Amino acid sequence: MQFLTMIRSRAAAFRSARDINLWRVPLQLSLGAVLLFAITLIPDTLDKFGVIHIPSWLTMGSIDDARAILSAMMGAVATVLALIFSVALLVLSMVSTLFGPRLLYRFLQNWVSQFTIGLFMATFVYICLVFLVTHQNSASTFLPQISLITSWVLVVLSFGFLVYYTHRVAKSIQNPDMIGAIVDDLSIAAAGAHLLGPHEGTANQPDEESILRRAETGTKVLCPKSGYLQQVDHDTLVEAARTANGLIVLRFRPGQYMLRGEPLAALVPAETAAKLKAAIDLGVEIGRHRTLTQDSEFGIAQVVEIAIRALSPAVNDTFTGVACVDWLADALLRLAERPSLRGYWYDRDHRLRVWMPSVKLERLAKLAFDQIRQAAVGTPAVLIHQLDAIRRLANRLPDPCRQVLSDQANAIRESATALVRLDRNDLDAAWNLAHAALEHLPLRQHSYPAPVG
């Protein structure tokens, strides 16, 4: 029972980490504004009853002055808050058009946007509360001086942060910053994928064929719903399999789409099914969207999507396509410098407990070149830049990737048959350099026939 409680808490933590919205931070800050109002109201109340005395230099005039100031601040904050929402929706629309709808989550996750909206919401709530308690009638007069000064401070802080918000928005919608941020997140996610949990150990790479044969003898667990495999809580599954003395063989890796009723996993031996099904339900997250947490392909695909949109006839932005090629080369280099993206996990006794299909660096390299090459058939600048990236990566990627790079270089050369002679000469010169770097052969000179006519 205690073990299942631990699984549920960890699964809830993973869900909250991927939950993206624009209301949680504003709600928290608004509740904080209510608490701040209750705190600042204490010295104002004590001053009204004569318990303490607020210095005269802290006052903000008469009660009419105070209500006029509060009204002005309330109107200004409400206007700017509406403007911030308008800017946020405009930015989201622009991002969806230029970068693709799959990148909207990056702006929804941006803490600056959430905090700016929340800060103005909190300031508005605080000023409304101060305005409500500030009154004068025949029976009594209440002028909360400390709360008035706090309102002024909150307004100044809000407008000061608005400048920083504008700076961040202007910076985030620039193509190089967006592309570089994706690659940075990909590197961080790849590094986190290699971290071992408290229940995990290490051992040699297992034999894939023998594992799949063992999986045929186990109990199948079917996918409860259709969607993308977003994240696998390896540590929880390893501990569950260790406790049951079994093996969990997952049929999909993060980023792959699963249909409801397809085999999700096999539990070996079959007798462990009753103990491990609960761990599978809570340790494997399925959703409608792909996430970058354990899905390196998704990071590469995001940059590729930006490049394809930039190279479309409607946009025709060659420089963004070239920038994407540069950053994709950096992404491949970062992934190559880390340990292999394994698909197996051992317990502390070095016994295999969890296995799933692993993503190969060769697949990521092919993904980084294929669609951009296809979209850039009529853009020699991008094709030449891809060949230059292949040349620079040739000696820095593992040997299995060399064949992929060689195939890509040849495909780029074959796809450029419609180029004019000058562009074709430049492309073939780049192909020669890439080919020499891949094969360690001397450069070969090519002659081209004179154009007809």
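The values are calculated or read from the model by the stated rules, or taken from the named source; none is laboratory data. These numbers were taken from a predicted model, which means no experiment stands behind them. Cβ sites come from the backbone with ideal geometry, for glycine too, and all protein chains shown count toward neighbours. These area figures cover heavy atoms from the full protein model, side chains too; ligands, DNA and RNA do not enter into them. Shrake-Rupley method; radii C 1.70, N 1.55, O 1.52, S 1.80 Å.
Things to note:
- The residue list Asp399, Asp428 contains one member that is at pLDDT below 95 and open to solvent by 90 Å² or more (accessible area, probe 1.4 Å), which is Asp399.
- If you go through the range 366-396 and keep only what is over 12 Å from Leu311 (Cα atoms), open to solvent by less than 20 Å² (accessible area, probe 1.4 Å) and within 26 Å of the chain's Cα centre (by Cα), you end up with Ala368, Phe369, Gln386, Ala389, Leu393.
- Answer from Gly321, Gly378 - the residue that is at pLDDT below 90, more than 30 Å from Leu264 (Cβ to Cβ) and out of contact with any Phe, Trp or Tyr (no Cβ under 7 Å at 6 or more places or on another chain): Gly378
- With respect to the conditions (1) of a type in the set (Lys, Arg); (2) within 21 Å of the chain's Cα centre (by Cα); (3) surrounded by fewer than 18 Cβ atoms within 10 Å (Cβ to Cβ), Lys277 falls short on a single one, namely (2).
- Every residue from the range 38-57 that is closer than 19 Å to Val130 by Cβ, polar (S, T, N, Q) and more than 46 Å from the chain's Cα centre (by Cα): Thr45
- Counted residues, the range 200-241 - those being open to solvent by 30 Å² or more (accessible area, probe 1.4 Å) and over 17 Å from Arg342 (Cα atoms): 11
- Any chance Ile7 is open to solvent by less than 60 Å² (accessible area, probe 1.4 Å), on the phi < 0 side of the Ramachandran plot and modelled with pLDDT under 80: yes
- Hits in the range 167-194 (condition: touching a Ser or Thr at 6+ places or on another chain (Cβ under 9 Å) and closer than 30 Å to Ile127 by Cα): Arg168, Val169
- Search result, residues across the range 30-43 that are more than 28 Å from Leu81 (Cα to Cα) and either in contact (Cβ under 8 Å) with a residue 12 or more places away in the chain or among the charged types (D, E, K, R) (or both): Pro43
- Among residues of the range 259-277 that are on the phi > 0 side of the Ramachandran plot, those with a beta-carbon under 8 Å from a residue that is modelled with pLDDT of 90 or more and open to solvent by less than 40 Å² (accessible area, probe 1.4 Å) at least six positions away or on a different chain give the pairs Gly261/Cys223.
Per-residue answers, yes or no, for (1) outside any helix (DSSP H, G or I); (2) in contact with a helix residue (DSSP H, G or I) (Cβ under 6 Å, 6 or more places away or on another chain):
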site	(1), (2)
Leu333	no, no
Ala365	no, yes
Ala368	no, yes
Val377	yes, yes
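- Residues of the range 253-274 classified as surrounded by 15 or more Cβ atoms within 10 Å (Cβ to Cβ) and under 21 Å from the mean Cα position of the chain (by Cα), total: 4
- Criterion (in contact with a Ser or Thr (Cβ under 9 Å, 6 or more places away or on another chain) and not aliphatic (A, V, I, L, M)) met by exactly one of Pro101, Pro144: Pro144
- Selection within the range 144-182 - closer than 19 Å to Ala68 by Cα, open to solvent by less than 40 Å² (accessible area, probe 1.4 Å), part of a helix (DSSP H, G or I) and of a type outside the set (S, T, N, Q): Leu148, Leu154, Val155
Matching residues to (1) at pLDDT below 90; (2) under 23 Å from Ser296 (Cα atoms); (3) part of a helix (DSSP H, G or I):
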{"residue": "Leu341", "(1), (2), (3)": "yes, yes, no"}
{"residue": "Val359", "(1), (2), (3)": "yes, yes, no"}
{"residue": "Leu405", "(1), (2), (3)": "no, yes, yes"}
{"residue": "Pro442", "(1), (2), (3)": "yes, no, no"}
{"residue": "His446", "(1), (2), (3)": "yes, no, no"}
{"residue": "Gly453", "(1), (2), (3)": "yes, no, no"}
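- Test result for Val325, assigned to a helix (DSSP H, G or I), β-branched (Val, Ile, Thr) and either open to solvent by 20 Å² or more (accessible area, probe 1.4 Å) or farther than 17 Å from Asp184 by Cβ (or both): yes
- Of the helices (runs of 4 or more DSSP H) entirely within the range 41-137, those holding at least 3 residues that are surrounded by 12 or more Cβ atoms within 10 Å (Cβ to Cβ) and modelled with pLDDT under 80 occupy 63-98, 104-109.
- Any pair with Cβ under 7 angstrom, 6 or more apart, that starts in the range 54-75 at a residue that is within 15 Å of Val156 (Cα to Cα) and ends at one that is part of a loop (DSSP other than H, G, I, E, B): Ile69/Met60; Leu70/Thr134
- Per-region count, the range 234-278, residues within 30 Å of Arg106 (Cα to Cα), of a type outside the set (Asp, Glu) and not in a loop (DSSP other than H, G, I, E, B): 7
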